[in-house]
Amino acid sequence: MLGWFRLIVAALLGVVAILFAFVNQTELSVTLPGGWVLGDVPLFVVVFVPLFLGFVLGSLSGWSGEVRQRRGMERLRDQNRALERELANLRTLPLIND
């Protein structure tokens with residue numbers, strides 16, 4: 001169910017992006033820091049490029065956090081296995097009478 005919802009939202013966002021691109025065909029002269037001049041660029045490109053770069057950087061950031069979390073989970077699983085082995089060994093020791 002969630003997959004269909006995500007697909008519908010993605011399709012709606014795609015339609016909105018296409019409509020935005022059609023409506024915003026006005027060309028701008030873009031000058032970047034450092035004196036780089038891109039010349040005449042449509043307005044929708046000026047808007048979409050930073051959005052795309054933000055999406056890519058956000059995805060990379062999320063991915064790196066996920067990798068860190070997986071490593072931490074694996075470390076905790078290994079620690080849990082070692083503790084379970086130690087507990088099993090302690091359970092098999094004979095009791096010492098006082």
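For the reader, a short list of remarks on this structure follows.
- Test result for Leu28, in a strand (DSSP E or B), surrounded by 10 or more Cβ atoms within 10 Å (Cβ to Cβ) and not aromatic (Phe, Trp, Tyr): yes
- Out of Val16, Val46, Val56, Val37, one residue alone is part of a strand (DSSP E or B) and of a type in the set (Val, Ile, Thr). It is Val37.
- Residue list for the range 75-98, filter: of a type outside the set (A, V, I, L, M, F, W, C) and loosely packed, with under 10 Cβ neighbours inside 10 Å: Asn89, Arg91, Thr92, Pro94, Asn97, Asp98
- Screening Gly72, Gly34, Gly39 for residues that are over 30 Å from Gly14 (Cβ atoms) and either in contact with a Ser or Thr (Cβ under 8 Å, 6 or more places away or on another chain) or exposed (fewer than 10 other Cβ atoms within 10 Å of the Cβ) (or both) leaves exactly one candidate, Gly34.
The numbers here are math on the coordinates, done by the rules we state, and not lab data. The model shown is predicted, which means the values in this text are computed figures rather than measured ones. Cβ coordinates were reconstructed from backbone atoms using ideal geometry, including for glycine residues, and neighbour counts include every protein chain displayed.
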